[in-house]
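Asks: After the structure tokens below, expect a handful of questions from me.
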Amino acid sequence: MRQGGPVEPSGPPFAPPVKRSVTIAGHQTAISLEPIFWDALRQAALDENVPINALIARIDVARLAADPAPNLASAIRCWLFDRIPLRQ
């Protein structure tokens with residue numbers, strides 16, 4: 001079981017993308033995201049108590065159901081944005 005507090009930011013909000021390798025459905029792929037999105041993705045994985053690769057795989061399945069399917073990095077950013085409660 002995962003436990004822990006909030007993920008600490010790993011860099012400034014306007015840092016360039018960082019490429020990381022992840023395994024989705026047994027296949028490795030590289031994803032480029034800005035550090036702020038990697039931080040948010042790690043936090044989301046902690047919040048949902050799942051490994052980050054499992055969360056990315058879940059986002060990938062939802063992405064592939066869209067027509068047209070966006071690229072994976074875009075899908076991750078949109079999924080993360082969609083989790084944020086909007087203020088009115």
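Asks: Restricting to region 1-30, give me the number of residues that are in contact with a strand residue (DSSP E or B) (Cβ under 9 Å, 6 or more places away or on another chain) and either at pLDDT below 90 or under 15 Å from residue 79 (Cα atoms) (or both).
Replies: Residues that pass the stated criteria total 2.
Asks: Hey, among the residues in region 22-40 that are part of a strand (DSSP E or B) and open to solvent by less than 40 Å² (accessible area, probe 1.4 Å), which one's farthest from residue 59 (Cα to Cα)?
Replies: Initially, region 22-40 is screened for residues part of a strand (DSSP E or B), giving 22-24, 27-33.
Of the ones still in play, those that are also open to solvent by less than 40 Å² (accessible area, probe 1.4 Å) are 22, 24, 31, 33.
Working: 22: 13, 24: 10, 31: 13, 33: 14 Å.
Checked region 22-40; the qualifying residue farthest from residue 59 (Cα to Cα) is 33.
Asks: For region 65-80, which positions are without any contact (Cβ under 8 Å) to a residue 40 or more places away in the chain, part of a helix (DSSP H, G or I) and touching a helix residue (DSSP H, G or I) at 6+ places or on another chain (Cβ under 9 Å)? Talk me through it step by step, then tell me what you get.
Replies: Kept after step one, since they are without any contact (Cβ under 8 Å) to a residue 40 or more places away in the chain, are these residues of region 65-80: 65-71, 74-75, 78-79.
From the residues that got through so far, the ones that are part of a helix (DSSP H, G or I) too are 65, 74-75, 78-79.
Selection gives 74, 75, 78, 79.
The values are calculated or read from the model by the stated rules, or taken from the named source; none is laboratory data. Remember, it's a predicted structure, so these values are computed and weren't measured experimentally. FYI the Cβ positions are ideal-geometry reconstructions off the backbone, even for glycines, and counts take in every protein chain you see. Keep in mind that these areas ignore ligands, DNA and RNA; they rest on the heavy atoms of the full protein, side chains included. Shrake-Rupley method; radii C 1.70, N 1.55, O 1.52, S 1.80 Å.
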